[in-house]
Each structure stands twice: as structure tokens, then as C-alpha cells.
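Have a look at the structure below before the remarks.
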Amino acid sequence: MSPAPETSPAKRRFGRYAVALIPLVVFAGIAATAAKMLYDQDVHGKDISEIPSALIGTKAPTLNLPPLEGANRPAMTDSAIKGKLTLVNVFASWCVPCREEHPILMELAKDSRLNVVAINYKDKNDNALRFLGELGNPFAAIGVDPKGQAAIDWGVYGIPESYLVAPDGTILYKRVGPFDDISLKEGLFPAMEKALGKPAS
């Protein structure tokens, strides 16, 4: 059996160049995808924060979370949202966007038709209390989720994240990322109007 022919130096150099180019090609693909997403959001008005959820239109996952100790709020159980139009907000003290959206939650909590509750995600009790002590506590109930299991059940992508739940427990709307004027006007308020059968204030 004759030995395999030796690879020429030129072919070996070409092979090394091809291997070196692989990370660049992968990076270019990722960059192109990100650019398209930004283009869609900026030019076409698509909000990439409005990520579709398989849970919308289905019953909310069971809630049985212990309360945030020291917050003087009840635990986050099914009874905390049953029979009420409810906004379930997932937050943490270490989350900068959570701090940015908090004033909006404080305003939403003033609407007597809306029950605003929270899941405190992978946080430390003292830090969560300090966060609410500084910014205010808009939540009618707070449950702690130290290991993130409840967040997995709810399909959380990242925080802050909010879910509008109908009185019968059906998830009506999901917001990934902090609320702002546009997401309220084009997302949450229309969903509330539909659920209530009249304009949301």
C-alpha cells in the first residue's frame, strides 16, 4: 500500500487560514442578526421586548411562594390573584431596569381595578426590603423565588418581566423588560381595556 501524499505547504497554510476565519464568520452572523432586530425595532416600529409567550391564553402556573419577610405583604399564592385583574411583576433589587420601571408600577398600583403583585427573583431578603423601602412598595402580595423555580414555570426570559392575568387566571399579556410610555400605551393598557370592557386609566 503506497503512503499518502504529503500536503503541500500552501495547502497547510490555507487550512490554517480557513480555521482562523471560522470565529469571524460566526461573529458576523450574530452581528447581522442583532442588526436586523434593531432595524426592525427602529424602522418598522416592532418592539422586540414584546416576546410572544406560549403561556398567553392559558391558565397561569400555580403560585405557592413564601412572603418577603419584613415587607408586611401576604405570600404569593393562587388566592392572591384569584378573581382579580392582576399584574404579576418579576423583579430583583440587583436589577437596574427594575429600578427604572418602579415609578410606573407605583402609578399602576393606584388603579383600583388592577391588582399589582410581585415575584422577587433570586434576591436577598434585606436587599429587596431596602429596594422597596427606598422606592416604595406597590405590591399587594410578594413571593420570594430564591432559586428561580417559579420564574421557570412562568417562562421568564429576564427581568423585569410582567404578566397581565385575568380574574379567571388566564394570562392575557406579557411584557419582557421594563415598562415605558410606549409599552403601556400599545401593550398593557389595550390588554386591560379588553379585559375590563372599558378604557383603562
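A compact globular protein would have a Cα radius of gyration near 2.2 N^0.38 Å; the ratio found for the stretch 132-194 is 1.23. Remark: Phe91, Phe131, Phe189 ranked as Phe189, Phe131, Phe91, counting other beta-carbon atoms within 10 Å and listing the fewest first.
Taking one quarter of the surface of the C-alpha convex hull of the stretch 64-196 gives a mean projected area of 7.0 nm².
Counted by neighbouring Cβ atoms within 10 Å, the residues Met76, Met192, Met106 run from fewest to most as Met106, Met192, Met76. For the pair Asp111 and Phe189, label points projected 7 Å from Cα toward Cβ lie 0.9 nm apart.
Potential lengthening of the chain between Thr77 and Lys59 amounts to 5.1 nm, from the contour at 0.36 nm per residue minus the alpha-carbon distance. Once the chain from Asn125 to Val96 is taken as fully extended at 0.36 nm per residue, the excess over their C-alpha distance is 8.7 nm.
Cβ crowding within 10 Å ranks Thr86, Thr77 as Thr77, Thr86, fewest other Cβ atoms first.
No value in this document is a laboratory result; all are computed from the given coordinates. Quick caveat, the model's predicted, so the values are computed rather than measured. When we count neighbours, we look across all protein chains shown, and the Cβ atoms used for this are built from the backbone with ideal geometry, even at glycine.
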